[in-house]
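In what follows, a single structure is set out as structure tokens and then discussed.
The values are calculated or read from the model by the stated rules, or taken from the named source; none is laboratory data. What you see is a predicted model, and the numbers here were worked out from it, not measured in a lab. Cβ sites come from the backbone with ideal geometry, for glycine too, and all protein chains shown count toward neighbours. What goes into the accessible areas is simple: the full protein's heavy atoms, side chains included, and nothing from ligands, DNA or RNA. Shrake-Rupley method; radii C 1.70, N 1.55, O 1.52, S 1.80 Å.
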Amino acid sequence: SAVQEVSHALSSILDPNELLEEVVQVIHRRFGYPYVHLFTVHPGRQLIIYRAGSGERSKAYDALDMTYDLDAPQGIIPWVARNGQTIMANDVTREEHYLPTDQAPYETGSEMTIPLMVKDEVVGVLDIQSSHPNAFDENDRSLLEALSSGVAVSMRNATLYRSEVWRRQVAESFRDVAEMLPANHDPETLLERVLVSLEQNLPCDASAIWLLEEDGKGKPRL
């Protein structure tokens, strides 16, 4: 039943954020794990970024915009993201890669962390924790690894879909700007429209256009 519910979400949700939130809630609800977290991996930025979760700790992650350094020498999540291998630690005190958290709840008894992989690339990490030791067995591991394969592919598809929508939006926006050129709009209006288009389509907090003009000696200056 849990597999069917996750599969339905994977096949019907194209928004990446909504998809990850739904997967987390299904795993939390169906398997009863108290702390379920999903992260995406950005190799270019060398970051592992928190995206969705359940339980008390997820609230702190949301507030902090939680990230991990992909090259962090300690921590189960960075190790799994780098190596593409599952860690199932039923006693975290015996796990060499475990790094105690400073986010409530502070006590973790066991933890299972699974890479989300497309071919040989780790695109995300599924991290499940329990306050009690010995919360997982090999059946849990096999089932969740199987689920994670589908989640990874759907994440990639949802990201590609969002990128395509964004590219289409950018193209349409700048086409509108280009259509203003033969209409003899004054330069100030045209440049203002360019800045508005940048603000609407790019992840930037500020933008500016600098114009060159000649000084008294015929040399260009800003």
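What about Ala52, is it part of a helix (DSSP H, G or I), touching an Asp or Glu at 6+ places or on another chain (Cβ under 8 Å) and not charged (D, E, K, R)? Taking the combined requirement at face value, the residue does not satisfy it. Residues in region 163-181: is at least one under 25 Å from Asp62 (Cβ atoms) and in contact (Cβ under 8 Å) with a residue 12 or more places away in the chain? Yes, region 163-181 contains at least one residue that is under 25 Å from Asp62 (Cβ atoms) and in contact (Cβ under 8 Å) with a residue 12 or more places away in the chain.
The set of residues in region 46-76 being crowded, with 16+ Cβ neighbours inside 10 Å, at pLDDT below 90 and basic (Lys, Arg) consists of Arg57 alone. Being open to solvent by less than 20 Å² (accessible area, probe 1.4 Å), part of a strand (DSSP E or B) and within 22 Å of Asp140 (Cα to Cα) is a property that Val36 has.
Within region 72-115, the set of residues being among the β-branched types (Val, Ile, Thr), under 17 Å from Arg57 (Cβ atoms) and part of a strand (DSSP E or B) comprises just one member, Thr113. Output yes when any residue across region 59-66 is more than 18 Å from Val123 (Cα to Cα) and touching a residue at least 40 places away in the same chain (Cβ under 8 Å), and no when none is. Looking through region 59-66, at least one residue is more than 18 Å from Val123 (Cα to Cα) and touching a residue at least 40 places away in the same chain (Cβ under 8 Å).
Cβ separations smaller than 8 Å between residues 6+ apart or across chains give the following pairs from region 189-205 residues that are farther than 21 Å from Val165 by Cβ to residues that are exposed (fewer than 11 other Cβ atoms within 10 Å of the Cβ) and of a type in the set (Gly, Ala, Ser): Leu195/Ala208.
Out of all the residues in region 1-33, which are under 22 Å from Ile76 (Cα atoms) and surrounded by fewer than 13 Cβ atoms within 10 Å (Cβ to Cβ)? The answer is Gly32, and nothing else.
Considering only region 202-222, how many residues are at pLDDT 75 or above and either of a type in the set (Phe, Trp, Tyr) or open to solvent by less than 50 Å² (accessible area, probe 1.4 Å) (or both)? Here the count works out to 1. Residues that are out of contact with any helix residue (DSSP H, G or I) (no Cβ under 9 Å at 6 or more places or on another chain), open to solvent by 30 Å² or more (accessible area, probe 1.4 Å) and closer than 20 Å to Ala2 by Cα within region 110-145 comprise Ala135, Asp137, Glu138, Asn139, Arg141, Ser142, Glu145, listed in sequence order. Among residues of region 146-180 being more than 20 Å from Leu38 (Cα to Cα) and among the small types (Gly, Ala, Ser), the one that is surrounded by the most Cβ atoms within 10 Å (Cβ to Cβ) is Ser173.
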